[in-house]
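The values are calculated or read from the model by the stated rules, or taken from the named source; none is laboratory data. Quantities reported herein were computed from a predicted structural model and do not represent experimental measurements. FYI the Cβ positions are ideal-geometry reconstructions off the backbone, even for glycines, and counts take in every protein chain you see. Surface areas here come from the heavy atoms of the whole protein model, side chains and all, with no ligands, DNA or RNA. Shrake-Rupley method; radii C 1.70, N 1.55, O 1.52, S 1.80 Å.
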Amino acid sequence: MVLARSGLWQEVVNVPASQTFLMPEGMSFEEAAALLVNYITAYMILFDFGNLRPNQSVLIHMAAGGVGTAAIQLCKTVENVTIFGTASASKHDSLKESGVAHPIDYRTMDYAEEVRKVSPKGVDIVLDPLGGSDTSKAFNLLKPMGKLITYGVANLLTGQKKNLMAMAKTWWNQFSINALQLLHHNKAVCGYHLGYMDEEFELVGGVVAKLVNLYNQGKIKPKIDSVWPFDQVADAMKQMQEKKNVGKVILVPEAPKEESKKEEN
């Protein structure tokens, strides 16, 4: 299994040995490709920053995506954690099956209102990959001693193209708070970006070892939405842009052999 910031959409890859990890016994190559980035991110957000404990509540945005599905599985390793997850309505059945107690359709509902209907005080942890005004909503949804971990700015991307007006609006509405204000709220705000941990070999390696152990125990299993050959990369990207995927979209150098045989027949 390989970690790298970029350059992995090719047949031959050269990376430092410190950024490689042995696959667990019985793991498929597709699962291995889906494990590291999503599960390291979800693990460090929930446990290293979030300090997730039994009987707490978590709001997971983009719950049907790669990090979202990883976070749901990791939450299930802790006793009696209540999971709220935002996703389009078509994905709610899948989310319920995976352990989300309260799926919320962010397109038709105000997710903050929906959370407060169930938990008037809010939640203990919010995973925020959205940015902009949603980060402010996340901060306001935290209980006292709650933790907001922001790890992306998905709101900067709208549809297939970057909309400059939407980007400007998101940037203008970006959440900002100073240390003195934090004192009054009794809340924590954390920022996470795995791409900037290139030199943290021991830290990341320790997390990978824990994830491999959880995989071997059957407590986590990467969810693969679909597998695409390199020459269909545009279709693979479209699958994500149109938010059709539940789990990880995987690229492989060539079409699976079974499909190739079907085409020949």
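Of the solvent-accessible surface of the chain, computed with a 1.4 Å probe and all protein chains present, 53% belongs to carbon and sulfur. With contacts taken as Cα pairs under 8 Å and at least 6 residues apart, the chain reaches a relative contact order of 20 percent. With contacts taken as Cα pairs under 8 Å at a separation of at least 6 residues, the stretch 48-140 carries a relative contact order of 30 percent.
Based on the reciprocal of the average 1/r between different C-alpha atoms, the Kirkwood radius for the chain equals 19.6 Å. Full extension of the chain between Asn178 and Cys190 gives 3.0 nm of extra length, using 0.36 nm per residue less the Cα-Cα distance. The Cα atoms of the stretch 40-153 give a gyration tensor whose axes a ≥ b ≥ c have a/c under 1.5, which makes the shape rounded.
Ligands, DNA and RNA excluded, the heavy atoms of Lys91 present near 20 Å² of accessible surface to a 1.4 Å solvent probe. Between Lys96 and Leu203, the contour length at 0.36 nm per residue exceeds the alpha carbon distance by 35.3 nm.
Only helices enter the 222 nm calculation for the chain: every DSSP H run of n ≥ 4 contributes -39,500 (n - 2.57), and dividing by all residues gives -10500 deg cm²/dmol, rounded to 500.
Figure note: Met240, Met27 ranked by solvent-accessible area, largest first, 1.4 Å probe, ligands and nucleic acids not counted: Met240, Met27. Rounded to two decimals, the Cα-based Rg/Rh of the stretch 95-140, with Kirkwood Rh, is 0.95. Sorting Asp225, Asp124 by accessible area puts them as Asp225, Asp124; the probe is 1.4 Å, largest comes first, and only protein heavy atoms count. Between the beta carbons of Phe230 and Arg5, assuming R0 = 25 Å, the FRET efficiency works out to 0.80 to the nearest 0.05.
Annotation: extensible slack from Arg116 through Leu251 equals 44.7 nm (criterion: 0.36 nm per residue apart, minus Cα-Cα distance).
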